[in-house]
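Trainee: I have a structure I would like to understand better, so I am pasting it below and will then ask my questions one at a time.
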Amino acid sequence: MATPTLDKMEAAAAASPFITVTFRIRRFNPEISDESTWQDFQVEIDPKERVLDGLHKIKWDLDGTLTFRRSCAHGICGSDAMRINGKNRLACKTLIKDINPEKPITVEAIKGLTVMKDLVVDMEPFFQAYRDVMPFLVTKGNEPTRERLQSAEDRERFDDTTKCILCAACTSSCPVFWNDGQYFGPAAIVNAHRFIFDSRDEAGEQRLEILNDKDGVWRCRTTFNCTDACPRGIEVTKAIQEVKRALITRRF
Ligand code: SF4
Ligand code: FES
């Protein structure tokens, strides 16, 4: 087989879509130190790939101890929310070319939840708040013999909040939650909204009382961080405002 000429090799290199990107990752391992440290990794990557692809290259080729969560890799499971260049995003939905790969890309764990290792946080307080708002349909009386009908208009009322994937990007971008992890947080309120405004549900009053608590909706300072952070485009702050209004008017 003929050896490629230097010209051909240079042309192939010029046509290569790969660039070298610095990933600057905040590492934390409680078995080694109480302090976190930044570590740089140089990664060859196509700018059209995602931050998650870069993390995979690091884990599989450079340092198998790097720890992070991910599952679907397609923006559905909500497991890979992290702070990328200081902003909460899903690693699997963030393209390298969209976050200025000429500078180091910083990646760290989401804030407000205890970091367990590297990019993995303890999600239990987040899920406890979610469970506390009763995120399921509650009805009284006998089981129906056919489906519970709902008009398209009634369904539309809570359509936005059905899109939540429980990634915690909103709650962990909220300054009230950072300062006091007792606040239910935006995601729990979004999921309460999803049922409070469902015409088939009969526990709206109960959920409103739960959110009338000192750690409930009134803690929201309307900073809109949550809406900016939501990878599903949910109008999180608007949903919180609607729950506040329902608490005042008792109409929902
Ligand atoms: S509301 Fe948006 S940001 Fe918050 S948990 Fe749901 S999907 Fe994630
Ligand atoms: S890995 Fe499932 S949302 Fe990103």
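The values are calculated or read from the model by the stated rules, or taken from the named source; none is laboratory data. Everything quoted here is computed from the prediction, not taken from an experiment. Neighbour counts run over all protein chains shown; Cβ positions are idealised from the backbone, glycine included.
Trainee: Please find, within segment 138-164, the residue that is farthest from ligand 2 (Cβ to nearest atom) out of those that are part of a loop (DSSP other than H, G, I, E, B) and surrounded by 16 or more Cβ atoms within 10 Å (Cβ to Cβ).
Mentor: Arg157
Trainee: Here is a follow-up. With the condition kept exactly as written, say whether any residue in segment 240-248 is under 21 Å from the mean Cα position of the chain (by Cα), away from ligand 2 (no atom under 16 Å from the Cβ) and within 16 Å of Phe158 (Cβ to Cβ).
Mentor: Yes, that holds for at least one residue.
Trainee: Also: As an exercise: evaluate Cys167 against (1) surrounded by 24 or more Cβ atoms within 10 Å (Cβ to Cβ); (2) part of a helix (DSSP H, G or I) and give the number of the one condition it does not meet.
Mentor: Of everything listed in (1) surrounded by 24 or more Cβ atoms within 10 Å (Cβ to Cβ); (2) part of a helix (DSSP H, G or I), Cys167 misses just condition (2).
Trainee: Restricting to segment 227-252, count the residues that are within 16 Å of ligand 1 (Cβ to nearest atom) and either touching a His at 6+ places or on another chain (Cβ under 7 Å) or in a helix (DSSP H, G or I) (or both).
Mentor: Adding up the residues that qualify gives 11.
Trainee: Among the listed residues Phe224, Phe197, Phe158, identify the single one that is more than 10 Å from ligand 1 (Cβ to nearest atom), more than 23 Å from Gly75 (Cα to Cα), in contact (Cβ under 8 Å) with a residue 12 or more places away in the chain and not basic (Lys, Arg).
Mentor: Phe197
Trainee: OK, next. Scanning for something at pLDDT 95 or above, assigned to a helix (DSSP H, G or I) and of a type in the set (Val, Ile, Thr), does segment 87-105 turn up at least one residue?
Mentor: yes
Trainee: Can you name the condition, by its number, that Arg70 falls short on among (1) in a strand (DSSP E or B); (2) within 13 Å of ligand 2 (Cβ to nearest atom); (3) of a type in the set (D, E, K, R)?
Mentor: In the conditions (1) in a strand (DSSP E or B); (2) within 13 Å of ligand 2 (Cβ to nearest atom); (3) of a type in the set (D, E, K, R), Arg70 misses (1) alone.
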